[in-house]
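Colleague: Before I ask anything, let me first share the structure, which is written out below as structure tokens.
The values are calculated or read from the model by the stated rules, or taken from the named source; none is laboratory data. Small disclaimer: the values here were computed from a predicted structure and weren't measured. All Cβ positions, glycine included, derive from the backbone under ideal geometry; neighbour counts span all protein chains shown. Note: areas computed on protein heavy atoms with side chains; ligands, DNA, RNA excluded. Shrake-Rupley method; radii C 1.70, N 1.55, O 1.52, S 1.80 Å.
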Amino acid sequence: ETDVDDNWYQDGIVEVRASSTPPTITPPTIRHDVGIVAIQQSNTIVEVGEDLNITVTVRNLGTETESFNVAIYCNETQIGTLPVTSLGPNQIVPMIFVWNTINQTPGSYTLKAQAEQVENETNSDDNVYVHNSKIEVVAPSSSDSLASIAIIAIAFSFGFFETFSPCLIILLSFVLTY
């Protein structure tokens with residue numbers, strides 16, 4: 001009882017009377033807010049032509065179920081987009097993007113993920129996440145083929161191939177190549 005002015009006291013008896021104003025009921029607050037909470041990659045150094053797996057973790061920070069798109073960028077170039085469907089309040093979902101570096105020039109790259117702003121979202125600051133470490137894309141190494149050539153040259157110098165059949169020599173060169 002918060003309104004004691006309308007109560008009545010007589011001869012040791014207290015009568016609690018109903019308030020003349022009805023209590024106010026506050027409806028629950030509806031909040032639309034999604035965000036990117038983390039980016040993780042499978043490696044920090046990749047050769048040109050290799051795939052890099054990038055995991056973007058998305059969270060619904062609001063009170064309503066949301067559906068939206070998430071894009072991943074390498075520097076300012078978009079490299080993929082995936083949909084998030086029916087993500088409930090406080091739910092977290094990891095999304096795996098695959099970046100094929102076949103057309104990349106060697107260098108340092110920054111990853112950035114961006115969640116599309118949902119309808120009636122007022123806090124979009126957490127919709128963009130820039131990864132704090134760089135990804136190094138390097139030129140493919142040619143040391144494997146050089147090592148194979150060196151092994152074959154050494155084998156010839158010791159007369160190794162003179163005692164084997166041509167089929168075995170072809171098989172051995174195939175194994176050394178791969």
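Colleague: Using the Cβ atoms and a cut-off under 9 Å, what net charge is assigned to the surroundings of P140, where Lys and Arg are +1 and Asp and Glu are -1?
Modeller: On the way: positive: none; negative: E47, E50.
Overall, the nearby charge balance is -2.
Colleague: Could you please state how large a percent of the accessible area of region 39-115 is carbon and sulfur, counting protein chains only and using a 1.4 Å probe? Don't skip to the end; give the middle numbers.
Modeller: Details: 1740 of 3830 Å².
C and S atoms contribute 45 percent here.
Colleague: A further question follows. Could you check the simple spin-label distance between E15 and D126, using points 7 Å along Cα→Cβ, in nm with one decimal?
Modeller: Label at E15, label at D126, 5.4 nm between them.
Colleague: Less than 15 Å Cβ to Cβ from N127, Lys/Arg counted +1 and Asp/Glu -1: what total charge do the surrounding residues give?
Modeller: -4
Colleague: Still on this structure, please answer the following. Calculate, for T65 and Q40, the FRET efficiency according to 1/(1 + (r/R0)^6) with r their C-beta to C-beta distance and R0 30 Å; round to the nearest 0.05.
Modeller: 0.70
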